[in-house]
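Participant: Here you go, one structure.
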Amino acid sequence: MRYILCTILFGLIACNEPVSDKNTKPIHDQKKFATVKLTDLNGQPISLDQFKGRTIFLNFWATWCKPCIREMPSIDSAQRLLSKNGVVFLLASDETPEQIKEFKEHYQFDLNFVRLTNMEELTMDGLPTTYIYNPKGEKVFAETGYRNWNDSSNIKMILQINNQK
Amino acid sequence: MRKSISVFFFAALLVSCDSKPAKQEVDITRSPLAIESPADSASAEPYLFTDKNGIVYLSWIEKDSLNSTLKYSSLHNEKWSEPAVIASGNDWFVNWADYPVIATDESNNLISHFLQKSEKGTYTYDVKLTTSNDQGKTWGAPSILHDDGKKAEHGFVSIVPYGENYFISWLDGRNAAMEGGGGHHGGHHGQMTIRAAIIDKSGKKINEWELDNRVCDCCQTSAAITDNGPVVVYRDRSDSEIRDISIVRFVNGQWTAPKSIFADNWKIEGCPVNGPRIAATGNNVAVAWFSSPDKNALVNVAFSKDGGAAFSDPVKVNDDKTIGRVDIEWMNEKTVMVTWMEGAVVKATKVYNDGKKDSSFIVASTSESRSSGFPQMTKTENSMIFAWTDDKKKTIRVASLFIKEN
């Protein structure tokens, strides 16, 4: 399958180890943005190309995924810290727009929730999964599992990615 | 149920409006044919079950802007019955990974379940059971499977006939819910548990047990009945977040301690959303599961000849990057068929209990076999039936594969 190299390269990214430059190099086999299909909650397509030149933090989640919800406050905090640096935060679920809207209303996170329409094609191992694209549009981070995104090491990693211009 | 295979496949070809014309020299034991689906409108969450008489049942959920409706149809003389409503509601918890199931004994009794929110607008829900004693013509008032009274998550149900009754396993979040929980930021302080119960034909609980007090939150359970008694497989959860597959067995009136099927050592602090599936014939047991140790995603199959007490080394079946979502059925006493997904494509192969396997094939053509949710499979006398949710059209597709007994 065309993503097998991606899996191998993902394996080179140390999940919970200290962040270093080697962890944020491009994952070359993933075409830029091509495999992620997003819409807004009204069904309008969102192209990640529109954010080119900016770092994109793309988090995949579900309303019923407890570790996803557990890390959302830290994503919310990271967004507040990093929005002035131009980092774009998107949180994508493959559930219905109604389910996502209901969740948004219930939890009141100040996050940009969007809809993912091709979850299976992305061959994720589970949820939450986070991709980070550098300003050149290269996917340089992919990981499944909970992180405290507000942690200083993670903020530092995102800032390092944001400097890859 | 005796099958007239030639008539069946001729009918399948006629009704399959989206299927490609049959090519000559197609190996029909490796080329499933699309057959008419009784769920022709917007539908998802299929589940397949074959009763002791060989009758196939397909259940699914239809959803509109207000309501969710659980329906089923059965395959009689190669034709699906008119879809019948099991239950309907506007406060259901509908999740592609946590699908309703249906089961029946060999007489007139059926059982099914759905998930209903404990309170509107919350993320806690109950397992509601409903039964029918007249071949599904009427269904009784749904009752809650568990009696903890907690606003918590309950789901990932498996139901299998067990003697005169039904055996049920499910994930139960009673220990994970804070008192008065279900509100903002969760109230999920304890552990997810797995429980099991025996339910009679009217839905009355006869017995209930906790099987494990710390398991993965978001993976399906799977149960089967061996000659020695019920067995349940599930994704376990260690203190260090290793989430491998465990089995518990009901032997001489007692549940065995959880035992790992195989030490994949997959560490993940997240939701794999990928439970195992088990199938049993006598004391021959086969388990299929997804794992991704060291980010090496794979689907394994392991066999037991002693009712699940000991398992062979696993056989890896996937060809490329897989997302799991497995199913498994015995074809005969030595051979299972296993399905899994690679990307959105549903694949299948035969695996033999001596560790050998055939090369895989795609269920239906590539474009038609693109699936969302969990593909399902069941066996009739002479065929395997597959069902999955069409990735694009958001409806359920069904295919049949002729199986040649060796």
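No lab work stands behind these numbers, since they all come straight from the coordinates. Source: prediction; values computed, not measured. With ideal geometry, Cβ positions are generated from the backbone for all residues, glycine too; neighbour counts draw on all protein chains shown.
Participant: Out of the range B:125-167, which trypsin sites (Lys or Arg not before Pro) are coil in DSSP terms and have no more than 16 other C-beta atoms within 10 Å? Show your work: numbers first, answer last.
Facilitator: On the way: sites: B:K128, B:K137, B:K150, B:K151; in loops: B:K137, B:K150, B:K151.
Here the sparse-neighbourhood loop sites are B:K137.
Participant: What's the ranking of B:85-94, A:124-133, A:53-62 by average number of surrounding C-beta atoms within 10 Å, highest first?
Facilitator: Details: B:85-94: 17.8, A:124-133: 24.2, A:53-62: 21.9.
Descending mean neighbour count gives A:124-133, A:53-62, B:85-94.
Participant: Ok, one more. About its Cα centre, what dipole magnitude does the range B:58-128 give when the only charges are +1 on Lys and Arg Cβ and -1 on Asp and Glu Cβ, stated in debye to the nearest 20?
Facilitator: Numbers: 6 positive and 10 negative charges, 36 e Å.
So the magnitude is around 180 debye.
Participant: Quick check for me: using +1 on Lys/Arg Cβ and -1 on Asp/Glu Cβ, what's the dipole size of the range B:100-255 about its Cα centre, in debye to the nearest 20? Before the final figure, lay out each step's value.
Facilitator: Working: 16 positive and 21 negative charges, 72 e Å.
It comes to approximately 340 debye.
Participant: Work out the mean other chain Cβ neighbour count within 10 Å for the residues of B:262-271 and drop it here as an integer. Numbers along the way, then the final one.
Facilitator: On the way: counts 0, 0, 0, 0, 2, 3, 8, 11, 18, 15.
Other-chain Cβ atoms within 10 Å of each residue's Cβ, averaged: 6.
Participant: List the lysines whose Cα sits under 17 Å from the Cα of A:K84, skipping any in the same chain fewer than 8 residues away.
Facilitator: A:K52, A:K156, A:K165
Participant: Need one value for A:144-151: mean number of C-beta atoms belonging to other chains within 10 Å of its residues' C-beta atoms.
Facilitator: Partner-chain Cβ atoms within 10 Å, mean over residues of A:144-151: 3.
Participant: Let me spell out the model: positive unit charges on the Cβ of Lys and Arg, negative unit charges on the Cβ of Asp and Glu, origin at the Cα centre of the protein assembly as shown. What dipole size does that give, in debye rounded to 20? Let's see the in-between values first.
Facilitator: Working: 65 positive and 71 negative charges, 265 e Å.
Its charge dipole is roughly 1280 debye.
Participant: Next question, about the same structure. Given B:K117/B:K392; A:K37/B:K137; B:K201/B:K357, which pairs have Cα atoms separated by over 31 Å? List each step's numbers first, then the result.
Facilitator: Values: B:K117/B:K392 28 Å; A:K37/B:K137 43 Å; B:K201/B:K357 39 Å.
Distance filter (> 31 Å) returns A:K37/B:K137; B:K201/B:K357.
Participant: Name the residue farthest towards the positive end of the dipole of the protein assembly as shown from the options B:N133, B:I225, A:F51, assuming +1 on Cβ of Lys and Arg, -1 on Cβ of Asp and Glu, about the Cα centre.
Facilitator: So the residue furthest toward the plus end is A:F51.
Participant: Find the Cα radius of gyration of the range B:38-392, compare it with 2.2 N^0.38 Å by division, and give the number to two decimals. Write down the numbers at each step before the final one.
Facilitator: On the way: Rg = 18.9 Å, N = 355, 2.2 N^0.38 = 20.5 Å.
So the Cα radius of gyration is 0.92 times the expected 2.2 N^0.38 Å.
Participant: Could you point to the residue in B:L70, B:T122, B:A84 farthest towards the positive end of the range B:64-129's charge dipole, with +1 and -1 charges on the Cβ of Lys/Arg and Asp/Glu respectively?
Facilitator: Of B:L70, B:T122, B:A84, it is B:T122.
Participant: Same structure again: Divide by every residue of chain B the summed helix terms, -39500 (n - 2.57) for each DSSP H run of at least 4, and state the resulting mean residue ellipticity at 222 nm, rounded to the nearest 500 deg cm²/dmol. Walk me through the intermediate numbers first.
Facilitator: Numbers: 1 runs with 11 residues, N = 406.
The per-residue figure over chain B is -1000 deg cm²/dmol.
Participant: When Lys and Arg each count +1 and Asp and Glu each count -1, what net charge do the other residues less than 11 Å away from B:S74, Cβ to Cβ, add up to?
Facilitator: Working: positive: B:K79; negative: B:D51, B:E82.
Here the count lands on -1.
Participant: Just how far, in whole angstrom, is the range A:67-144 from the range B:336-406 if you go by their alpha carbon centroids?
Facilitator: The range B:336-406 and the range A:67-144 have Cα centres spaced 32 Å from each other.
Participant: At q = 0.05, 0.08 Å⁻¹, what is the base-10 log of I(q)/I(0) for the protein assembly as shown according to the Debye formula with one equal point scatterer per Cα and no solvent? Please give it to two decimals.
Facilitator: Evaluating at q = 0.05, 0.08 Å⁻¹ gives log10 I(q)/I(0) of -0.20, -0.51.
Participant: Oh, and also: Tell me which of A:N118, A:I132, A:L82 sits at the most positive position along the dipole axis of the range A:61-147, charges placed on C-beta atoms (Lys, Arg +1; Asp, Glu -1).
Facilitator: Value computed over the given set: A:L82.
Participant: A follow-up question, please. By count of other Cβ within 10 Å, fewest leading, how are A:C65, B:C218 ordered?
Facilitator: Details: A:C65 23, B:C218 27.
The order, fewest Cβ neighbours first, is A:C65, B:C218.
Participant: List the GluC sites (Glu not before Pro) within the range B:325-406 that fall in a DSSP loop (any state other than H, G, I, E or B) and whose Cβ has at most 13 other Cβ atoms within 10 Å.
Facilitator: Here the sparse-neighbourhood loop sites are B:E333, B:E381, B:E405.
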